[in-house]
Amino acid sequence: MNFEQEFEESYERLVGHGVGITARGQRFFTRFYENFLARSPRIKDHFEHTDMSKQIIVLQKAMYHMISFYLLHEPNELLERVAASHSRAHHGIEPELYDEWLEALLLTVEQMDPDYNRDLRLAWQIVMMPGILYMQRHY
């Protein structure tokens, strides 16, 4: 099985491609935040004063850069900035919250991708984990 290809096909089904956020992407990221915020009051507190329509755009960009990190094996400037802003010194996003982030993402994929299965779940984990580990390391 080619996990990278499986991930790419799933991402295309769920988010689309190209510049800007598609209607599919809007639905996917909105559902993701519904799932993520429902996981814990601690998570919800981090977003208390957040404009969620803007946050969806930020998430789309951040995911693009996490995918890039997986492909290139090195962070780019935006991922470095996001990691710094999420660190203990700024927003204080605790490392264990990234596990919650990933579980909410995987649940969203399960809910929205008609081709979801255990291999597809693993493909998403394989692509997202390097970026998550990078973010956790910078706490």
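All of the numbers you see were taken from the coordinates with simple rules; none came from a lab. Since the model is a prediction, treat every value here as computed from it, not as a measurement. Counting neighbours? That spans all protein chains shown, and the Cβs are built from the backbone with ideal geometry, glycine included.
Label sites at His73 and His90, each approximated as a point 7 angstrom past Cα along Cα to Cβ, lie 2.7 nm apart. Between Arg81 and Asn117, full extension at 0.36 nm per residue minus the direct alpha carbon distance yields a gain of 9.6 nm. Of interest is the spacing of the C-alpha centroids, which for region 39-54 and region 80-136 amounts to 16 Å.
With the charge dipole of the chain set up from +1 on Lys and Arg Cβ and -1 on Asp and Glu Cβ about the Cα centre, the Cα lying farthest toward the positive end among the listed residues Gln26, Ser10, Pro41 is that of Pro41. Taking only the alpha carbons of the chain, we obtain Rg and Dmax values of 14.3, 43 Å in that order. Of the residues Asp113, Asp99, Asp45, the one that moves most in a GNM of the chain with alpha-carbon contacts below 10 Å is Asp45. Normalising the Debye intensity of region 1-47 to I(0), with uniform scatterers on Cα atoms only, and taking log10 at q = 0.15 Å⁻¹ returns -0.53. Here the average projected area of the convex hull drawn through the C-alpha atoms of region 78-123 stands at 4.1 nm². A simple spin-label model places the labels of Gln26 and Lys44 2.6 nm from each other, with each point 7 Å out along Cα-to-Cβ.
Put a plus charge on the Cβ of each Lys and Arg, a minus charge on the Cβ of each Asp and Glu, and nothing anywhere else: the dipole of the chain about its Cα centre is then about 380 debye.
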